[in-house]
1. Might you report the magnitude of the Cβ-based charge dipole of the chain about its Cα centre, with Lys and Arg at +1 and Asp and Glu at -1, to the nearest 20 debye?
2. Hand me the chymotrypsin sites (Phe, Trp or Tyr not before Pro) from the range 129-178 located in a DSSP loop with no more than 10 other Cβ atoms within 10 Å, in residue order please.
3. So if we plug the beta-carbon distance of Glu124 and Leu146 into 1/(1 + (r/R0)^6) with R0 = 25 Å, what FRET efficiency do we get, rounded to 0.05?
4. Measure nothing but the geometry: give the 0 to 90° angle between the long axis through the Cα atoms of 2-24 and the longest principal axis through the Cα atoms of the chain, rounded to 10°.
5. Label Val13 and Ala110 with points 7 Å out from Cα along Cα→Cβ: what is the distance between them in nm?
6. Starting from the Kirkwood radius over alpha-carbon pairs of the chain, derive D by Stokes-Einstein at 25 °C in a medium of 0.890 mPa s and give it in µm² s⁻¹.
7. Based on the Cβ-Cβ distance of Asp156 and Met1, what FRET efficiency does E = 1/(1 + (r/R0)^6) give at R0 = 30 Å, to the nearest 0.05?
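Read-outs throughout are calculated quantities, based only on the coordinates presented, and are distinct from any laboratory measurement. What you see is a predicted model, and the numbers here were worked out from it, not measured in a lab. Neighbour counts run over all protein chains shown; Cβ positions are idealised from the backbone, glycine included.
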Amino acid sequence: MLRALTIIVVFVVALGAGLFAFAATRPDDFLIQRSAAIKAPPEKIFAIINDFSNWPSWSPWQHLDPAMKVTNSGPASGKGAVSQWDGNSKVGAGRTEITLSDPPSRITMALDMSRPFEAHNIVEYALQSKGDTTTVTWTMRGARPLLAKAVGLFIDCDAMVGKDFEAGLANLKALAEK
């Protein structure tokens with residue numbers, strides 16, 4: 001009995017070590033990106049994204065927790081504007097700060113999550129105009145520690161977060177095209 005239990009424990013430990021060894025070969029960084037074509041001028045879309053007070057009308061996470069506590073500080077919009085939130089398990093808690101505001105083409109933000117897990121990522125919105133349509137590309141990138149690499153073997157984080165980006169871009173499109 002003890003021998004069988006020892007064999008099982010050794011097998012489970014070896015399997016876990018093998019999974020972590022394989023996970024360690026995965027890329028050290030991640031990139032999630034989605035785009036949408038919006039029939040609105042880039043100046044209008046830029047103004048919506050660049051001001052955190054507009055986010056409740058289009059952010060996909062605002063709809064996941066209507067009771068989420070949000071505190072905006074710093075300038076009303078642009079570089080230095082900060083939004084902090086604390087919500088349910090679907091949205092977690094964290095802070096976003098606009099670090100670059102280049103009207104009407106680019107907004108870059110530092111995203112610092114504290115819950116459900118700690119993460120420090122860069123979020124960027126790039127707006128490119130062609131005729132009466134603006135393509136908005138929403139990107140998030142950051143480091144992928146070993147535990148995140150291991151989780152990524154079983155959960156497709158690109159698909160999971162990407163669906164939220166797609167929902168947010170659809171909300172932004174509906175708002176901007178009014």
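1. So the magnitude is around 260 debye.
2. Phe154
3. 0.45
4. 30 degrees
5. 4.2 nm
6. 136 µm²/s
7. Between Asp156 and Met1 the formula returns 0.15.
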